[in-house]
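Contents: one structure, followed by commentary.
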Amino acid sequence: MKRRSLIKAFTLSASIAAMGLSWSIQAAETIKVGILHSLSGTMAISETSLKDMALMTIEQINAKGGVNGKLLEPVVVDPASNWPLFAEKGRQLLTQDKVAVVFGCWTSVSRKSVLPVFEELNGLLFYPVQYEGEEMSPNVFYTGAAPNQQAIPAVEYLMSEDGGAAKRYFLLGTDYVYPRTTNKILRAFLHSKGVADKDIEEVYTPFGHSDYQTIVANIKKFSAGGKTAVISTVNGDSNVPFYKELANQGLKATDVPVVAFSVGEEELRGIDTKPLVGHLAAWNYFESVDNPVNSQFVADWKAYAKAKNLPGADKAVTNDPMEATYVGIHMWAQAVEKAGSTDVNKVREALAGQTFKAPSGYTLTMDKSNHHLHKPVMIGEIQDDGQFNVVWETGQPLRAQPWSPFIPGNDKRPDYAVKGN
Amino acid sequence: MPKALLCLFLSLVLLPLAAQASDADYFIAAKANEQARLLQDWAAQPDPARLELLTSLQQGRLSPTDTRKLRLNNRLRGLVDNALASHQLLSTDARLRLAAAQQLQKSAQPPQVAFLDRRFASETDAAVHAALGLALANLQLAASDPAVRLAAVRLLGETGDPMARTRLEALLEPGVETDSNVRTAAETSLAQVKRKLLFGELLGQAFSGLSLGSILLLAALGLAITFGLLGVINMAHGEMLMLGAYATYVVQVLIQRYAPSAIEFYPLIALPVAFAVSAGVGMLLERTVIRHLYGRPLETLLATWGISLILIQAIRLLFGAQNVEVANPGWLSGGIQVLPNLVLPYSRIVIIGFALFVVLLTWLLLNRTRLGLNVRAVTQNRNMAACCGVPTGRVDMLAFGLGSGIAGLGGVALSQIGNVGPDLGQSYIIDSFLVVVLGGVGQLAGSLWAAFGLGIANKLLEPQIGAVLGKILILALIILFIQKRPQGLFALKGRVID
């Protein structure tokens, strides 16, 4: 009896405290901002750091007085790497929490899953990851790269004298929409450059594949037929066993370079990089980029990771999607200031042509019509300390082509955002 | 006179030094294209004084004492390797010359022919002489004298080098080779090379099958005890593997910090630690949760699944959601070159041996010790065993601990070839159940055959129909097999089984 009453008393006091807490938050006028990244499940490895980066950026904006005199209040939810749950949590953020904007998603399936919700409720989503294109929604702003801002320049580099003048291409990917679409675009691009089908090999593995013996043996066999480069769209975790197998079977970057589109500083934290020196990655930002904005950005992040005692804080690194998150939040804040309101239609209008001095060392512009950022492209070689050495870059930001001209029928698509596309 | 001598002496000493310094300066000042041309020139006309510069360049520096990192790209790195090999042919060490000649087989360019010819004529070591001959033969395919081409083609036929096949095929393209003698010789050589390559490929497939099988075996062996013998549908088995892998990581970090000299052997030290951690957690689970659920498979399944989620999230909170870095020690990196197109990685060879060792150990434990006798007694007839004075509760706990501990050992092996992250176990749990069910519940030998059988079948199918379809086909075949033979490959016989 006594125990039960104790529990009752405890729950009562806890709920009163919780109510008090929510009152005190509501008391000051804030702008609610949703963060929709998986904090558990398979994608947690990549998305957790984006959530932390978003929180850091919001904290920084608040420290400078917030937006339009109001502080930002982050609402973090966990869609748990479960695609339908993304739609559910997205709806919850828009209808219950009434957030002004959502920053989130990593995989293309999760974005496709929330898209109808955002279009139906006229919400606003910032998507920070490189992707396959073929989409342009009025309710989404894409701060990651489209294929022409990552994949195509990377292949052009491999074809150049400095990139090794590759004649044969081994396209290796995980079996889902992003690698399949990217490889479709790349195959058309390679054809346009005179590479024959017999010099292109396309191989897919299931999600979470961990045995790359046969594939590496096949790459070796294929590479005997001429200077070969591997273009990898292998996703997340599977990269570790792939790179380990490459190293163990003695395939060096000088013989067969591998250029990856999903491997960044964060992924390399889980790998011993000494055998990987010289393999390549194509992104729009690397932590090693040398400029004052980036030095500040990296230092801020390391300090934040330490202050919040994030796991592995002593080895905290920044990467491209984190930079895209940071840029996205700042651009949104600037647009809200310009529009003088958080109304989605007004903010959307204010976002067109918005510029921001990004850590990549360039002033990035949000395109006036296509909802994508103009981004510079950089090719980095992996170094023995897990960082990248930039060996090539475009020199100026490129405009995105979400509708790739290498996919038939895309020439008829409009170059502005339309619902249901 | 002495003054003149001194001058001569000084110039003799300083000249190579000066030449080297200027080479380095010249190299660093040049643009990438110029650097590439420079390296090609050096490769064609080696000068011993440049050896030090090239060795440093290969390590990404300008001189052995210079600590600044040089920024080279892949193309330059390849050219440095080639130029360095050219220079190393002048070395007095026969092993160094052999390695250099092998490098040149891959990378030598036409301008190097004259130099290679000279070295080939003066080479005294038989192995180096043969290797140089091959390097030269690759280039001589383009020679103007048909006799030279004929000799080169014949020589290439004796190698099993995949590059030789491409070169011969290019030669046999219509209109390339006009001399009919050389053409017929090239055809015979090509057939020879293809035969050798096929042999290497088949051997490679068999090895990767064995290797995949050994990994499946290590992942499934613990489950063969907890599920096979005790009958607990243990969905948290994968997490025992994961705990073993994380124990390896912790051991690695601790040794790095407190005893860096022993870092080469950290996987060996990690073995007992991983066993203890996983066994401890397993026994704790058995005593607190699973013990109450014996004979209720559905509840066990749900409870252990819940436990697996708790363990995953606990690890995520402790170590973070990101994968942790487990580095291979030197003796587990790289591989042994058996044939020109077949490299067997050391880590995989060691894991095959380790898997067999663990099976042997488990078998001995179950069949040659008192604990094993008790375990078998309890699994066959619990009531009778209890009547005979076997402490069934304790035996359950120890057997569950043993199964979990063996899973921990598997985790150490898995950490050497794959990812170490909170989700590690999830990717092995299905495969583990497949192996145990296919092999026959309650049979160690069954798991052994099932693991190697699945591994080899997977690797034979993968090159034909791809990894995705291969996996689906294997799954379909297993379902059909289980329909036909629900007890698996090996069934327990006897009255006690009902």
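The values are calculated or read from the model by the stated rules, or taken from the named source; none is laboratory data. Nothing here was measured: the structure is a model prediction, and the numbers come from that model. No Cβ is skipped: glycine too gets one built from the backbone with ideal geometry, and neighbour counts run over all protein chains shown.
General remarks:
- One residue stands out among those in segment B:339-358 that are among the aliphatic types (A, V, I, L, M), within 19 Å of residue A:215 (Cβ to Cβ) and at pLDDT 90 or above: the one that is nearest to the chain's Cα centre (by Cα), which is B:344.
- All helices (runs of 4 or more DSSP H) inside segment A:131-225 with 3 or more residues being more than 10 Å from every other protein chain (Cβ to nearest Cβ) and more than 30 Å from residue A:36 (Cα to Cα): A:151-159, A:177-192
- Among (1) more than 15 Å from residue A:50 (Cβ to Cβ); (2) outside any loop (DSSP other than H, G, I, E, B); (3) out of contact with any Phe, Trp or Tyr (no Cβ under 7 Å at 6 or more places or on another chain); (4) in contact (Cβ under 8 Å) with a residue 24 or more places away in the chain, the one test that residue A:86 misses: (1)
- Candidate set from segment A:386-405 (those that are in contact (Cβ under 8 Å) with a residue 24 or more places away in the chain and assigned to a strand (DSSP E or B)); member that is nearest to residue A:149 (Cα to Cα): A:398
- Options B:160, B:175; residue that is over 20 Å from residue B:147 (Cβ atoms) and within 12 Å of chain A (Cβ to nearest Cβ): B:160
- Screening A:212, A:285, A:204 for residues that are buried (at least 24 other Cβ atoms within 10 Å of the Cβ), at pLDDT 90 or above and farther than 27 Å from residue A:375 by Cβ leaves exactly one candidate, A:212.
Residue-by-condition table, conditions (1) buried (at least 18 other Cβ atoms within 10 Å of the Cβ); (2) within 31 Å of the chain's Cα centre (by Cα); (3) in a helix (DSSP H, G or I); (4) modelled with pLDDT under 85:
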residue: B:134; (1), (2), (3), (4): yes, yes, yes, no
residue: B:143; (1), (2), (3), (4): no, no, no, yes
residue: B:153; (1), (2), (3), (4): yes, no, yes, no
residue: B:171; (1), (2), (3), (4): yes, no, yes, yes
residue: B:174; (1), (2), (3), (4): no, no, no, yes
residue: B:190; (1), (2), (3), (4): yes, yes, yes, no
residue: B:197; (1), (2), (3), (4): yes, yes, yes, no
residue: B:203; (1), (2), (3), (4): no, yes, yes, no
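- Among the residues making up segment A:129-173, those that are within 15 Å of residue A:230 (Cα to Cα) and of a type in the set (A, V, I, L, M) are A:151, A:152, A:154, A:155, A:158, A:159, A:165, A:166, A:171, A:172.
- Those residues of segment A:102-130 which are closer than 11 Å to residue A:90 by Cα and either assigned to a loop (DSSP other than H, G, I, E, B) or free of Cβ contacts under 8 Å to residues at least 12 places away in the same chain (or both), in sequence order: A:105, A:123, A:124
- Only one of the listed residues (B:453, B:470, B:446) is surrounded by fewer than 19 Cβ atoms within 10 Å (Cβ to Cβ) and in a helix (DSSP H, G or I). That residue is B:453.
- Candidate set from segment B:210-242 (those that are under 22 Å from residue B:364 (Cβ atoms) and small (Gly, Ala, Ser)); member that is farthest from the other protein chains (Cβ to nearest Cβ): B:228
- Complete set of residues in segment B:124-156 that are more than 14 Å from residue B:113 (Cβ to Cβ) and of a type in the set (Lys, Arg): B:154
- Set B:286, B:299, B:264: member being in contact with a helix residue (DSSP H, G or I) (Cβ under 8 Å, 6 or more places away or on another chain), at negative phi and without any contact (Cβ under 8 Å) to a residue 12 or more places away in the chain: B:299
- Residue within segment B:72-79 that is in a helix (DSSP H, G or I), under 23 Å from residue B:123 (Cα atoms) and under 32 Å from the mean Cα position of the chain (by Cα) present: no
- Residues being within 17 Å of residue B:322 (Cα to Cα) and more than 11 Å from chain B (Cβ to nearest Cβ) are represented in segment A:53-68 by at least one member.
- Single match in B:233, B:263 (criterion: exposed (fewer than 15 other Cβ atoms within 10 Å of the Cβ) and not small (Gly, Ala, Ser)): B:263
- Only one entry in B:107, B:211 is polar (S, T, N, Q) and either more than 21 Å from residue B:81 (Cβ to Cβ) or touching a Cys at 6+ places or on another chain (Cβ under 7 Å) (or both), namely B:211.
- Qualifying residues in segment A:231-241 (those that are over 17 Å from the mean Cα position of the chain (by Cα) and touching a residue at least 40 places away in the same chain (Cβ under 8 Å)) - the one nearest to residue A:181 (Cα to Cα): A:231
- Residues (of a type in the set (A, V, I, L, M, F, W, C) and outside any helix (DSSP H, G or I)) located in segment B:233-260: B:233, B:235, B:236, B:259
- Selected residue (only one of B:4, B:21 is assigned to a helix (DSSP H, G or I), surrounded by fewer than 12 Cβ atoms within 10 Å (Cβ to Cβ), modelled with pLDDT under 75 and small (Gly, Ala, Ser)): B:4
- Of all the residues in segment B:279-302, those that are over 30 Å from residue B:253 (Cα atoms), surrounded by fewer than 20 Cβ atoms within 10 Å (Cβ to Cβ) and of a type outside the set (Asp, Glu) number 13.
- Within segment B:49-78, tally of residues that are under 17 Å from residue B:22 (Cβ atoms) and loosely packed, with under 14 Cβ neighbours inside 10 Å: 1
- Residue tally, condition crowded, with 19+ Cβ neighbours inside 10 Å and among the β-branched types (Val, Ile, Thr), over segment A:354-404: 4
- Sub-9 Å Cβ pairs linking a first residue in segment B:242-256 that is surrounded by fewer than 15 Cβ atoms within 10 Å (Cβ to Cβ) to a second residue that is not in a helix (DSSP H, G or I), at least 6 apart or interchain, are B:253/B:324, ordered by first then second residue.
- Count of segment B:28-37 residues which are within 13 Å of residue B:72 (Cβ to Cβ) and assigned to a helix (DSSP H, G or I): 4
- Hey, residue A:327 crowded, with 16+ Cβ neighbours inside 10 Å and farther than 20 Å from residue A:144 by Cα or not: no
- Of the residues A:263, A:317, A:240, the single one that is buried (at least 23 other Cβ atoms within 10 Å of the Cβ), more than 24 Å from residue A:162 (Cα to Cα), modelled with pLDDT under 95 and among the β-branched types (Val, Ile, Thr) is A:240.
- Odd one out for residue B:99, checked against (1) touching a Leu at 6+ places or on another chain (Cβ under 8 Å); (2) not in a loop (DSSP other than H, G, I, E, B): (1)
- Note on segment A:236-343: enclosed helices (runs of 4 or more DSSP H) holding 2 or more residues that are within 20 Å of residue A:215 (Cβ to Cβ) and within 12 Å of chain B (Cβ to nearest Cβ) are A:239-248.
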